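In what follows, a structure is listed as structure tokens, so that the remarks can point back to it.
The values are calculated or read from the model by the stated rules, or taken from the named source; none is laboratory data. Because the structure is a prediction, the values reported are computed rather than measured. Neighbour counts are summed over all protein chains in view; Cβ atoms, including those assigned to glycine, are modelled from backbone coordinates with ideal geometry.
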Amino acid sequence: MKDFEALKSIWHNQVALPKVSHEDVLEKVNKTRTGLASRLLLEMLGMILATAFLIYVWIEMPFRMWTTHLAMAVFLGCCVYYIIAQIANYLKITYDSLLDKPEEYILYLKKYKHDRFIFNTRKYRIYSIFVTAGFMLYFVEIAFLAMLWVTIAGIVFTFAWIIVWYFVLMPIYIKKEESKLEDMIENLERLEMQFADSDFE
Amino acid sequence: MKITGLSKEALFKEIFQANSKKIYHLCYGYTGDDDTANDLMQETFMKVWQNLDKFRNQALISTWIYRIAVNTCLSYLRVEKRQPKDELTDNIIETKGEEISDKNEQVASLYKCIAQLEENERIIITMVLDEVPYTEIATISGISEGNLRVKIHRIKQKLTELYNKNERF
């Protein structure tokens, strides 16, 4: 039979030591910072190129129908939204909340997870609907100018994609995200209860 | 600890050397896994480095580091789909059980018992075992000192019972 003091002495005899040095930490800090910056830069560069290409096409191609101009505006709007959303995401990575009390920090985590869920599901759905709407508007002019089979192929492909995406892929994705979020919230609520400073009976 | 008048890197080194072992124990007690504990400790000190300027001239830097470590552990468990407690326990037996000495066996057994406690109990008891003052533990965990004392008393009893039960088998 051992008492708590004996357990304390076992604890102080442990030889397990951290394998990480302060140099490792600083090296990781530099790598992470560069990693994040390059990822952001790459994504931004890709989107800026896509935006520039869209503007070029819009100016150079003699589009005649208002639907095509609207499609171009929708595509550009989507690009700008994507860039802004990415920047906002990176700016959200702040560490101030880490100094909160665990109970408050858990609340922050719950909110953060919920916001990410909204971003990954509802906002992504709206974004995809706009891209699809852009393609549909674009095909109106194609239908007048291109050969019949090209128009039909384009329309079939677009609608097939909408059906597969909206009725198959998106529900699977949302269901998966929802179950992940439910698990997280459930665990966070359990933790919140543990840290609640309630009086003991 | 004097934290003024040093370069940021020298200050960080000093802070790291003074606190890393205890933070590692906290992470190990919480996760029951050596590699994960190292990752979480590294993550904690990365955040310490990134926020060091905000904390210059504060009296108890260890309280601040512990708070970051606790919150890092909590968020780790939320992001990753964790293993259930039984698997955690097996993991400790596997990684620590192979080691030869009796002392290590006792430490492994102690970690195994800690893994059976609730998350906040694991956090509190590792700080108690590392002799962090009760006032500091209360500040870190956001629990009033009166409630904390009652809580610590219960956790100590629970851990001792678990350990003795474990030792009998």
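Please pick out the residue among A:Val57, A:Val74, A:Val20 that is in contact with a helix residue (DSSP H, G or I) (Cβ under 6 Å, 6 or more places away or on another chain) and over 30 Å from B:Ile23 (Cβ atoms).
After ruling out the rest, the residue left standing is A:Val74.
Which residue pairs have Cβ atoms closer than 6 Å, lie 6 or more positions apart in sequence or on different chains, and pair a first residue in segment B:24-35 that is on the phi < 0 side of the Ramachandran plot with a second residue that is part of a loop (DSSP other than H, G, I, E, B)?
Cβ pairs passing all conditions: B:Tyr24/A:Pro18; B:His25/B:Asp130.
For residues in segment B:104-131 being part of a loop (DSSP other than H, G, I, E, B) and within 9 Å of chain A (Cβ to nearest Cβ), which is nearest to B:Leu162 (Cα to Cα)?
The residue in question is B:Glu118.
How many residues does segment B:144-169 hold that are part of a loop (DSSP other than H, G, I, E, B) and either closer than 14 Å to A:Glu5 by Cβ or at the interface with chain A (Cβ under 7 Å from one of its Cβ atoms) (or both)?
At the first step, the residues of segment B:144-169 found to be part of a loop (DSSP other than H, G, I, E, B) are B:144, B:169.
When the remaining residues are screened for being either closer than 14 Å to A:Glu5 by Cβ or at the interface with chain A (Cβ under 7 Å from one of its Cβ atoms) (or both), the result is B:144.
Residues meeting the conditions: 1.
Mind listing whichever residues of segment B:51-87 are at pLDDT 85 or above and polar (S, T, N, Q)?
B:Ser62, B:Thr63, B:Asn71, B:Thr72, B:Ser75
With the requirement that a residue be within 7 Å of chain B (Cβ to nearest Cβ) and part of a loop (DSSP other than H, G, I, E, B), what does segment A:18-34 give you?
The answer is A:Pro18, A:Lys19, A:Val20.
Mind checking which residues of segment A:159-174 are loosely packed, with under 15 Cβ neighbours inside 10 Å and of a type in the set (Val, Ile, Thr)?
Let us first name the residues in segment A:159-174 that are loosely packed, with under 15 Cβ neighbours inside 10 Å, namely A:159-161, A:163-164, A:166-169, A:171-172.
Listed by number, the residues that qualify are A:Ile163, A:Val164, A:Val168, A:Ile172.
Any residue in segment A:170-198 that is of a type in the set (Lys, Arg) sitting within a Cβ distance under 9 Å of a residue that is not in a helix (DSSP H, G or I)? List the pairs, counting only those 6 or more apart or interchain.
A:Lys180/B:Lys81; A:Arg190/B:Glu118
Each row is one residue, and each column tells you yes or no for (1) within 30 Å of B:Glu136 (Cα to Cα); (2) within 17 Å of the chain's Cα centre (by Cα).
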position: A:Ile118; (1), (2): no, yes
position: A:Tyr127; (1), (2): no, yes
position: A:Ala146; (1), (2): no, no
position: A:Ile172; (1), (2): no, yes
position: A:Met193; (1), (2): yes, no
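Which members of segment A:50-67 meet the condition of being assigned to a helix (DSSP H, G or I) and surrounded by 11 or more Cβ atoms within 10 Å (Cβ to Cβ)?
Within segment A:50-67, A:Ala50, A:Thr51, A:Ala52, A:Phe53, A:Leu54, A:Ile55, A:Val57, A:Trp58, A:Trp66, A:Thr67 qualify.
Output the residues belonging to segment A:145-158 that are within 17 Å of A:Thr132 (Cβ to Cβ) and loosely packed, with under 12 Cβ neighbours inside 10 Å.
A:Val156 - this is the single residue of segment A:145-158 that is within 17 Å of A:Thr132 (Cβ to Cβ) and loosely packed, with under 12 Cβ neighbours inside 10 Å.
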